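A.B. asks: Structure incoming, see below.
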Amino acid sequence: MLSGRRVTLIIGGGIAAFKALELIRRLRERGAAVIPVLTRAGAEFVTPLSVSALAGERVFQELFDLNDESEMGHIELSRAADLVVVAPATADLLAKMAQGLANDLASTLLLATDKRALVAPAMNLRMWQHPATRRNVETLRGDGVLFVGPVEGDMACGEYGPGRMAEPPEIVAAVEAALAAGPLAGRHVIVTSGPTHEPIDPVRYIANRSSGAQGTAIARALAALGARVSFITGPAAVAPPEGVAVTRVETAAQMLEAVRAALPADAAIFAAAVADWRVKQVAAGKIKKTRSGDLPEIALAENPDILASVAQMGTGRPALVVGFAAETDDVVENARAKRARKGCDWILANDVSPQSGIMGGAENAVTLITGTGEEGWPRMSKEAVAERLAARIARHLEEQA
Ligand code: C5P
């Protein structure tokens, strides 16, 4: 049910706009209040009168409308709901969202909102398959925008393929999933993941074997409990999860900068395998072999410790800072010392010796070390470790509140 929840519904200009009327009815049946916003193009397909009659609310249409502004300013309007739904989301609206344009009421709301957006694309299949739309969809997914559909089927233009808007019951289900009040609803969590690449010259770099699988699973599990997740990833082998805001970085320095930009947060989980060293002087051109066979000298400098700097930041420190200790010997003992040295609250110790098969593998065996005790978790999939950790984080934040 959606009782007490408010949904801003942006109706774009496409033939599927007629389905938005049924969507309003179904959302209201489930108990949601619907604040309708009709784009100029949307008003070519459905009338403001039918939209407002079904929503039981007035329709917002123009950015520069003095009456609207005095009643509810556009910034206020952008924050008034628990979720912003765009249905139908036209190619044009998706492009505006991906570019951050704000040249009408709908695009301005989407740029100004502090809530999640769920889009139901609807367009001709060639428009959906166009590289420009592919790029925009990719960008929006990376920004944490949720998608429902499009589905395959007959199109109003006579063609067949992907591009039909999802049916209203499916959109309602996606709204319910997006608004499912998990224990981490309203919480912001930062997750770092993957390896970092530290350049030697324009073509070579220092890297490690981290796949990003554990960090990705943690971000997904936190989002599934309702958290708003800022996922900061190095060049990982696995794709980032849906529904989280992704920042892609290469180096440790960039990762630190991205973490700082994502603060404040309720919790921060540092699952990235950050390179400890970078090359002091990155060569501007490719380093050449010499005829004499002299080897290049590569001097290293220490990278900033992202975990330690956040754990020890004082004001603005997340309430819970969690690190990983990937060790090959004396795993728990080293991790215990690491927790104290870095100043984090929890550390997950894991054995990354080659014979454990953990680094780059599908399973993990961790020991959770907190300020009050240690727990050895049985070997399980990285997804299961992530779910257990996410549940522990939710419980801890709840207890602290
Ligand atoms: O010191 P070590 O690399 O073993 O510490 C591992 C933990 O510290 C991990 O949580 C890792 O994400 C974090 N770390 C970091 N910045 C670094 C090195 C490690 O955030 N430069």
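A.B. asks: Does Glu22 satisfy the condition of being assigned to a helix (DSSP H, G or I) and without any contact (Cβ under 8 Å) to a residue 24 or more places away in the chain?
C.D. replies: On the way: assigned to a helix (DSSP H, G or I): yes; without any contact (Cβ under 8 Å) to a residue 24 or more places away in the chain: no.
So Glu22 fails the test.
A.B. asks: So, Glu375, is that one more than 23 Å from the chain's Cα centre (by Cα) and assigned by TED's automatic domain parsing to the domain that holds Ala207 or not?
C.D. replies: Numbers: more than 23 Å from the chain's Cα centre (by Cα): yes; assigned by TED's automatic domain parsing to the domain that holds Ala207: yes.
Criteria met by Glu375.
A.B. asks: Quickly run through segment 392-401 and pick out the residues that are of a type outside the set (Lys, Arg), touching a residue at least 12 places away in the same chain (Cβ under 8 Å) and out of contact with any helix residue (DSSP H, G or I) (no Cβ under 8 Å at 6 or more places or on another chain). It would help to see each step written out before you state the result.
C.D. replies: At the first step, the residues of segment 392-401 found to be of a type outside the set (Lys, Arg) are 393-394, 396-401.
Retained after the next criterion (residues that are touching a residue at least 12 places away in the same chain (Cβ under 8 Å)): 393-394, 396-398, 400.
Matches in segment 392-401: Ala394, His396, Leu397, Glu398, Gln400.
A.B. asks: Also: Mind checking which residues of segment 190-243 are of a type in the set (D, E, K, R) and farther than 18 Å from Val145 by Cβ? Spell out how you get there, then give the answer.
C.D. replies: So in segment 190-243, the residues of a type in the set (D, E, K, R) come out as 198, 201, 204, 209, 220, 228, 242.
Within segment 190-243, Glu198, Asp201, Arg204, Arg209 qualify.
A.B. asks: Answer with yes or no whether Ala349 is hydrophobic (A, V, I, L, M, F, W, C) and away from the ligand (no atom under 16 Å from the Cβ). Quick ask: steps written out before the conclusion?
C.D. replies: Working: hydrophobic (A, V, I, L, M, F, W, C): yes; away from the ligand (no atom under 16 Å from the Cβ): no.
Spelling it out, it is not the case that Ala349 is hydrophobic (A, V, I, L, M, F, W, C) and away from the ligand (no atom under 16 Å from the Cβ).
A.B. asks: Give segment 128-140 a look and list any residue that's in contact with a helix residue (DSSP H, G or I) (Cβ under 6 Å, 6 or more places away or on another chain) and at pLDDT below 95, or say none. Outline the logic, then answer.
C.D. replies: First, pick out the residues of segment 128-140 that are in contact with a helix residue (DSSP H, G or I) (Cβ under 6 Å, 6 or more places away or on another chain): 133, 136, 139-140.
Those that are in contact with a helix residue (DSSP H, G or I) (Cβ under 6 Å, 6 or more places away or on another chain) and at pLDDT below 95: Thr139, Leu140.
A.B. asks: What residue, of Pro183, Pro162, is in contact (Cβ under 8 Å) with a residue 60 or more places away in the chain, touching a Leu at 6+ places or on another chain (Cβ under 9 Å) and more than 19 Å from Arg248 (Cβ to Cβ)? Steps first, please.
C.D. replies: Details: Pro162 fails: in contact (Cβ under 8 Å) with a residue 60 or more places away in the chain.
Checking each option against the conditions leaves just Pro183.
A.B. asks: Touching an Asp or Glu at 6+ places or on another chain (Cβ under 9 Å), farther than 26 Å from Ala98 by Cα and modelled with pLDDT under 95 - does that describe any residue in segment 180-195?
C.D. replies: There is at least one residue in segment 180-195 that is touching an Asp or Glu at 6+ places or on another chain (Cβ under 9 Å), farther than 26 Å from Ala98 by Cα and modelled with pLDDT under 95.
A.B. asks: Those residues that are part of a helix (DSSP H, G or I) and of a type in the set (Gly, Ala, Ser), I need them from segment 93-130; list them, please. Spell out how you get there, then give the answer.
C.D. replies: From segment 93-130, those part of a helix (DSSP H, G or I) are 93-99, 105-112, 125-129; that's our starting set.
Ala95, Ala98, Ala106, Ser107, Ala112, listed by residue number.
A.B. asks: Also: Report yes if Leu184 is assigned to a helix (DSSP H, G or I) and either buried (at least 17 other Cβ atoms within 10 Å of the Cβ) or among the β-branched types (Val, Ile, Thr) (or both), otherwise no.
C.D. replies: Values: assigned to a helix (DSSP H, G or I): no; either buried (at least 17 other Cβ atoms within 10 Å of the Cβ) or among the β-branched types (Val, Ile, Thr) (or both): yes.
Criteria not met by Leu184.
A.B. asks: Select from segment 282-317 the residues that are more than 16 Å from the ligand (Cβ to nearest atom), over 20 Å from Asp201 (Cβ atoms) and not polar (S, T, N, Q) and write down the one among them that is nearest to the chain's Cα centre (by Cα).
C.D. replies: Filtering segment 282-317 for residues more than 16 Å from the ligand (Cβ to nearest atom) gives 282-299, 314-316.
Cutting the leftovers down to over 20 Å from Asp201 (Cβ atoms) gives us 314-316.
Remaining after also requiring not polar (S, T, N, Q): 314, 316.
Values: Gly314: 26, Gly316: 22 Å.
Ranking the candidates gives Gly316 first.
A.B. asks: Please give the strands (runs of 3 or more DSSP E) falling wholly within segment 328-401 in which 1 or more residues are of a type in the set (Gly, Ala, Ser). Lay out the reasoning, then the answer.
C.D. replies: Working: elements: 346-351, 366-369, 374-376.
Output list reads 346-351, 374-376.
A.B. asks: Oh, and also: Determine which member of the set Ala301, Ala340, Ala326 is surrounded by 13 or more Cβ atoms within 10 Å (Cβ to Cβ) and assigned by TED's automatic domain parsing to the domain that holds Met255. Let's see the steps before the verdict.
C.D. replies: Numbers: Ala301 fails: surrounded by 13 or more Cβ atoms within 10 Å (Cβ to Cβ); Ala340 fails: surrounded by 13 or more Cβ atoms within 10 Å (Cβ to Cβ).
The unique qualifying residue is Ala326.
A.B. asks: Specify the residue that is surrounded by the most Cβ atoms within 10 Å (Cβ to Cβ); the eligible residues are those in segment 214-235 that are touching a Gly at 6+ places or on another chain (Cβ under 6 Å) and at pLDDT below 95.
C.D. replies: Ala223
A.B. asks: Could you please give the count of residues in segment 40-68 that are part of a loop (DSSP other than H, G, I, E, B) and either in contact with a strand residue (DSSP E or B) (Cβ under 7 Å, 6 or more places away or on another chain) or of a type in the set (Lys, Arg) (or both)? Before you say what the answer is, go through the steps one by one.
C.D. replies: We begin by selecting, within segment 40-68, every residue part of a loop (DSSP other than H, G, I, E, B); these are 40-41, 45-47, 56-59, 61-65.
Pick out the ones that are also either in contact with a strand residue (DSSP E or B) (Cβ under 7 Å, 6 or more places away or on another chain) or of a type in the set (Lys, Arg) (or both) and you get 40, 46, 57-59, 61.
So the answer is 6.
A.B. asks: For the structure I just gave you, tell me whether Leu320 is near the ligand (Cβ under 10 Å from one of its atoms) and either more than 25 Å from Ala221 (Cβ to Cβ) or at pLDDT 95 or above (or both). Write out each step before concluding.
C.D. replies: Numbers: near the ligand (Cβ under 10 Å from one of its atoms): no; either more than 25 Å from Ala221 (Cβ to Cβ) or at pLDDT 95 or above (or both): yes.
No: the conditions fail for Leu320.
A.B. asks: From the residues in segment 313-327 that are part of a loop (DSSP other than H, G, I, E, B) and of a type in the set (A, V, I, L, M), which one is farthest from Gly376 (Cα to Cα)?
C.D. replies: Step one: of segment 313-327, the residues part of a loop (DSSP other than H, G, I, E, B) are 313-319.
Still in the running and of a type in the set (A, V, I, L, M): 313, 319.
Numbers: Met313: 29, Ala319: 24 Å.
Residue satisfying both the conditions and the ranking: Met313.
A.B. asks: Output the residues belonging to segment 244-276 that are buried (at least 22 other Cβ atoms within 10 Å of the Cβ), more than 10 Å from the ligand (Cβ to nearest atom) and not β-branched (Val, Ile, Thr).
C.D. replies: Hits for segment 244-276 are Ala265, Ala267.
The values are calculated or read from the model by the stated rules, or taken from the named source; none is laboratory data. Given the structure is predicted, the values throughout are model-derived calculations rather than measurements. Every residue, glycine among them, receives a Cβ derived from its backbone with ideal geometry; neighbour counts consider all protein chains shown.
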